[in-house]
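> I have a structure I would like to understand better, so I am pasting it below and will then ask my questions one at a time.
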Amino acid sequence: MLFNSFNFLIFFPIVTTLYFMLPHRFRWALLLGASCYFYMVFIPKYILILFVTISVDYFAGIGIEAAQGRRRRWLLGASILANVGMLAFFKYFNFANENISALAAFIGWNYPIGNLEIILPIGLSFHTFQSLSYTIEVYRGNQAAERHFGYLALYVLFYPQLVAGPIERPQNILHQLHEEHHFEYQRVADGLKWMAWGMFKKVVIADRMALFANPVYDSPTEFQGPALVVATLAFAVQIYCDFSGYSDIAFGSAQVMGIRLMKNFNHPYFAKSISEFWQRWHISLSTWFRDYVYIRLGGNRSSPPRWAFNLFLTFLISGLWHGANWTFIIWGALHGIYAVFGGIFANARDRYGVTGKSPLHGNLQRGLSVLSTFLIVCFAWVFFRATSLPDAWYVVGHLFSGWGDFLAQSYLLMQDGFGNGFWALNDAVFNSMLLLTSVSRGELTLTMLAFFCFLIIEVKQERGNFMEELRVYKPYVRMAYYAILVTAILVLGTSYTGVQQAFIYFQF
Amino acid sequence: MNNLLKLVQRCLQVLLFVAVMSGCMFITARPDEKHLYRASVLKSNLLVQTPSPRIILFGGSNIAFGIDSGLMERSLAMPVINDGLHVGLGVAPLIELKKYVRSGDIIIISLEYYNFTDEAAFYGQPQYLADWIEFSPNRIWDVHQPLRQMPSIYTIMLQRKINRQVNYYLYGLSLDEGRGFYTGDKFNERGDFIGHLGEGNNNQFEIPNSVYPVNNMDEAYAFLEEFNQFALSKGATVFYEAQAHRQTNCDITGMKNLRNFFSRLRNKTTIPLLTDLGDLCLPDNLFYDTPYHLNEQGRQIRTERLIDNLKFALGIQ
C-alpha cells in the first residue's frame, strides 16, 4: 500500500483507532495483521519470503543466545546466509547472470544459463537489513533473543517502516513494541503533523520535481546541457523530498501509536562535506553500514591505505545495495571516492582555512562548502537516476554542451522583457525557463511557489525545531498553517497528470 | 477521553478550513470553454432529444473523426448520433448511454484497440474522466465503481481546475492537453468532428509507426456482452465495428493479432460484427494525424462501407 493513496487514508485511521481501543495484549496481533495486509496489497505471495526469513532469524536468535563458542557463529552464519541468500537470489541473480553471460560471450564461451523471470519483492533490501541487525545484535549481546514470534515478526513487518525504512535496530524498537502506549494528545498531534509534512514533501515537491526530471532522464539523448542540468537538480530535490517525505510519514504514523522510529534525514543538502552529508542522509542505512561493514572491516583503526579501502568498499557495497545495476555501483564508488578524498584532505582543509578554524570563517565559507558538497552529490545523482550506463555517460558528457544556444535565446527573450513592464519581464523569465522543460507555465509557477515555501520551512527546520516554534503562535494561526498545508497536498499534487508516482526507494 | 475529543475537534476544524478553501476554488474555477469534452454535452443532449429509432455510433475519436453522420442519415433514413469522443474515456460514455437506450435504437460500438490494453484504458483513465464529469456532474455515477473512484476523480478535477486557472488568469492560456486542433467547438449538429475537413488529403502531420497492443481482456468482453443483453432487453440492437486503422500500423501490430481479437470478440460475445475481416485496415493516405483519425476521403470511404454493411445486416435493400 502506498502512503500517498486513498487506501492508506482509510487504512491508517482504522488501524490507529483499533490500536487504542484494543487491550495491550492484543495490539501486537492487530499491528502484525495490519502490516501483513499493508504489504500484501502489493504482491500477496511475497509475504511468505518474509516469514521464511523471520522464522530462520527467530530460531537463530534463540539458538545464538543459548549456545556457546563456535556454535553461536554457525547460527549467526546461517541467519546471514538465509537473509543475504534471499536478497542475492531475488535482487542480484539476474544482474550477475547477465554479466557472466556477457563475459562468456566476450571470451567465446558457451554459457547456457538464462535469466529468471522473477520480480523483486518490494522493500526486500530494507527488511533484509532490519532482520540481519536483529541476529547480529543478539550475537553481540546487545539484544536479548525475542521469545515471542509475533513480536519478532512485527519488528520486521511493522508497516510504517516495512518497505522503505528507516532500517531500525532491535534495541530501539522491540522494547517499544512490548510497551503499552496510551493516547497522548501532543504526541498524536505531532505524529499527524509529521505525516502531513512528509505528505507535502512527497506529493507536492517530489512529484512536481518528477515532472521536470522524468521526461529528460527517460530519453536523455534528446536533450542538451541546460535541460540535463535542470533535470539533475530537479532529481536531487525529488529524491530528497520523496525519501525523506516517506520517512517523515513513517516516523509520524509510528509516533501516533507511541513508537518512536529513528530520524532518517537531517537536512542533508545543508551538509558542508561528504562525510557530513552521510551523517544527514539516510542515517539508518549509513549507520548500518558503519556498524556492520565499515567497522567490521577495520574502520579507521588501520593503516591509511587500508582505511581508504575500507571506506571505499563500504560505499561500493552501499551502491550495490541500492540496485543491481552498474549505475548504482558507480554511484556508490563516486561517494567512496568523495569520502576518501574528503578524509585525506580534511587536515589540509583545517590548515588552509576551508573549515571552521580558518580566517575565512563565516557565512561565505559555509555557503561555498554547502554548495560544493551539493554539486558533487548532484553529479553522483546522474548515475543514480540514469536508467543505463550509456544514458549516464551521455548526461555526464553533455552537461556543458548547448549552453551557448540557450544563453543566446534567453538573452533575446530578456531583451524583449526588460523595460517593458513587469508582465513583459515575467514573460521573458518564464519563456527562458520553458526552453528547458516541457511543463506548462502554470505547472512551472505552482512548482516554484511550492518549492519556495518548502525551502523556507526547510531552512527554518535546519536552524531550529520548527514544530516547537509553531507552538508559540496563536491557535488560529497554527490551524491556518495546517489547513494550508493539507490544502496544498490536495490542490498542488500531480495526480492530475494521471500518473501516480510511487516512492523511489520502493524499488530497493 | 478529553484529549481524544480535543484531537478530533482540532482535526475537524482543520478539515473545515480545508473544505472551505478547496470548495471555494472548486466552485469558482470554470471549465475550459474550448475543451474537447464540451462536445460531450452536445452528444448527451442529442441522446435525450433525438427520437427513436435512431443510430448511435459509440467509440473514441476514431468515430468522431471517421464518420459522416449526415451521409448515413440520408442513406438509411434514420437519425444518426455520433457519440464518439476520446479513447481516454473508455466505456464511461457507454455506461452513460444506458440511460438513453430506447426500443428500435441501433447502437454501433467501435472502441479503439488501446481500450483493451488494461482496466484503466477500458473503463476510462481518471484524469480524462475528471474533465468529462466536470461538464456534467451526474456522470460520476456513470464511471466504473463510482464510490471507489470518487475521491481520486474529484482530487484530480480540483487539481486540473487550479492548473487551468493559473494558466488562464496569469498567462491567458488553457490547460494544454496536447490535442491541438481537436477542440470542443469543432463538432457539427450530429456530433461529428469536422475540424479536419476541407483540407483534402494533404496530411500535415507525421503519423507515428507505433504498435497498438491488442490484448485479451475477458472482463472487457463480459462488459460488452452485458451491455448487449441490456440493449436487447430494451428492444435495441448492438453491432460492433472495427476501429479505423492505418495499414502500416496494422502491419506492425500484426494482422494475425487483429484477427485473433475479433475472433475472441465473436466467441465471447453475441454482438454481431459489421466489419468484414478483410477490411480491418485502410490505406495510409486516408489518415489525418494519427493512425486512427481518418481524413475527409477516408471518412467518406469508411462511412459508405459502414452503410453497406449495416444495410446488409439489417436486410435493407
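> Rounded to the nearest 0.05, what FRET efficiency do B:K268 and A:Q171 have when you use their Cβ-Cβ distance and R0 = 56 Å?
Numbers: r = 59 Å, r/R0 = 1.06.
Here the calculated transfer efficiency is 0.40.
> Convert each backbone phi in region A:129-141 into a coupling constant with the Karplus relation 6.51 cos²θ - 1.76 cosθ + 1.60 (shift: θ = phi - 60°), then list the ³J(HN,Hα) values in order as whole Hz, x for Gly and Pro.
After applying 6.51 cos²θ - 1.76 cosθ + 1.60, I find 5, 5, 4, 4, 5, 5, 5, 5, 5, 5, 4, 6, x Hz.
> What does the net charge come to around A:Y269 if you take all other residues with beta carbon closer than 15 Å to its beta carbon, with K and R at +1 and D and E at -1? Intermediate values should be presented prior to the final figure.
Numbers: positive: A:K201, A:K272, A:R280, A:R366, A:K460, A:R463; negative: A:D242, A:E276, A:E458, A:E462.
Charge balance in the 15 Å sphere: +2.
> Something else about it: So, in nm, how far is label A:F106 from label B:L197 when the simple model puts each one 7 Å beyond its Cα toward the Cβ?
The modelled label-to-label distance comes out at 6.4 nm.
> For the protein assembly as shown, take the convex hull of the Cα atoms, compute a quarter of its surface area, and give me that in nm², please. Can you show the working numbers first?
Details: hull surface 173.8 nm².
Approximately 43.5 nm², given one-decimal rounding.
> From other protein chains only, count the Cβ atoms within 10 Å of every residue's Cβ in A:5-14, then give the mean.
Working: counts 2, 6, 1, 0, 1, 1, 0, 0, 1, 0.
That works out to 1 on average.
> Please go through region A:120-217 and write out the trypsin sites (Lys or Arg not before Pro) that DSSP classes as loop and that have at most 16 other C-beta atoms within 10 Å. All intermediate terms of the calculation are to be shown ahead of the outcome.
Details: sites: A:R140, A:R147, A:R187, A:K193, A:K201, A:K202, A:R208; in loops: A:R147.
Here the trypsin sites (Lys or Arg not before Pro) that fit, given the DSSP loop and packing criteria, are A:R147.
> Counting only DSSP beta bridges with both residues in the protein assembly as shown, what percent are antiparallel, rounded to the nearest 5?
Values: 2 of 18 bridges.
Close to 10 percent.
> Let me ask you something else. Mind giving me the nanometre distance, one decimal, between the label points for A:I10 and B:D218, set 7 Å out from Cα along Cα→Cβ?
2.5 nm
> Within chain B, what's the longest run with no GluC sites (Glu not before Pro) in a DSSP loop and at most 12 other beta-carbon atoms within 10 Å? Give the range, please. Please report the intermediate quantities before stating the final value.
Numbers: sites that count: B:E33, B:E189, B:E199, B:E206.
Counting only loop sites that pass the neighbour cut-off, the longest clear stretch is B:34-188.
> Once the piece of chain linking A:S55 and A:F93 is laid out straight, how much longer is it, given 0.36 nm per residue of separation minus the C-alpha distance between them? Kindly include the intermediate steps, with their values, before the conclusion.
Details: separation 38, 0.36 × 38 = 13.68 nm, distance 2.33 nm.
Result for the pair: 11.4 nm of gain on full extension.
> Per residue of A:183-190, how many C-beta atoms from partner chains lie within 10 Å of its own C-beta, taken as a mean? Show your work: numbers first, answer last.
Values: counts 4, 2, 7, 2, 1, 3, 5, 0.
Whole-number average of other-chain Cβ neighbours for A:183-190 is 3.
> Once you average over the residues of B:11-20, how many Cβ atoms of partner chains fall within 10 Å of each Cβ? Let's see the in-between values first.
Numbers: counts 5, 0, 5, 12, 3, 2, 8, 10, 4, 2.
Mean partner shielding for this stretch: 5.
> Taking the Cβ of B:D142 as the centre, find all other residues whose Cβ is under 9 Å away and add up their charges (Lys, Arg: +1; Asp, Glu: -1).
Working: positive: B:K98, B:K99, B:R139; negative: B:E96.
Combined, the nearby Lys, Arg, Asp and Glu give +2.
> Among all stretches of chain B without exposed chymotrypsin sites (Phe, Trp or Tyr not before Pro) (DSSP loop, at most 15 other Cβ atoms within 10 Å), which one is longest? Intermediate values should be presented prior to the final figure.
Working: sites that count: B:F181, B:F205.
No qualifying site falls inside B:1-180, the longest such stretch.
> Please sort by residue number the trypsin sites (Lys or Arg not before Pro) in region A:427-494 whose DSSP state is loop and whose Cβ has at most 15 other Cβ atoms within 10 Å.
Numbers: sites: A:R441, A:K460, A:R463, A:R471, A:R478; in loops: A:R471.
Sites meeting the loop and neighbour criteria: A:R471.
> So for region A:160-318, considering every pair of alpha-carbon atoms, how many percent are separated by more than 25 Å?
Details: 5793 of 12561 pairs.
Counting every Cα pair in region A:160-318, those more than 25 Å apart make up 46 percent.
> Let me ask something else. What net charge do the residues around B:P51 carry, taking every other residue with its C-beta under 12 Å from that of B:P51, with Lys and Arg at +1 and Asp and Glu at -1? Each step should come with its number before you reach the end.
Numbers: positive: B:R54, B:R102; negative: B:D105.
Around B:P51, the charge tally is +1.
> Here's a follow-up. Mind checking the angle between helix A:475-491 and chain A's longest principal axis? C-alpha axes, 0 to 90 degrees, to the nearest 10.
On a 0 to 90 degree scale, this one is about 80.
> What FRET efficiency would be calculated for the residue pair A:A408, A:K263, taking the C-beta separation as r and a Förster radius of 60 Å, to the nearest 0.05?
Details: r = 47 Å, r/R0 = 0.78.
Here the calculated transfer efficiency is 0.80.
> Can you compute the FRET efficiency between A:A66 and A:Q279 using 1/(1 + (r/R0)^6), with r the Cβ-Cβ distance and R0 = 45 Å? Round to the nearest 0.05.
Working: r = 37 Å, r/R0 = 0.83.
Computed FRET efficiency for A:A66 and A:Q279 comes out at 0.75.
> Give the residue list of chymotrypsin sites (Phe, Trp or Tyr not before Pro) in region A:85-182 that are DSSP loop and have at most 11 other beta-carbon atoms within 10 angstrom. Kindly include the intermediate steps, with their values, before the conclusion.
On the way: sites: A:F89, A:F90, A:Y92, A:F93, A:F95, A:F106, A:W109, A:F126, A:F129, A:Y134, A:Y139, A:F149, A:Y151, A:Y155, A:F158; in loops: A:W109, A:F158.
For chymotrypsin sites (Phe, Trp or Tyr not before Pro) across region A:85-182 that sit outside H, G, I, E and B with at most 11 neighbouring Cβ atoms in 10 Å, the list reads A:W109.
We did not get these values from a lab; they are worked out from the coordinates using the rules stated. Being a predicted model, the structure only gives us computed values, none of them experimental. Ideal geometry is used to build each Cβ from the backbone, glycine not excepted, and the neighbour counts take in all protein chains shown.
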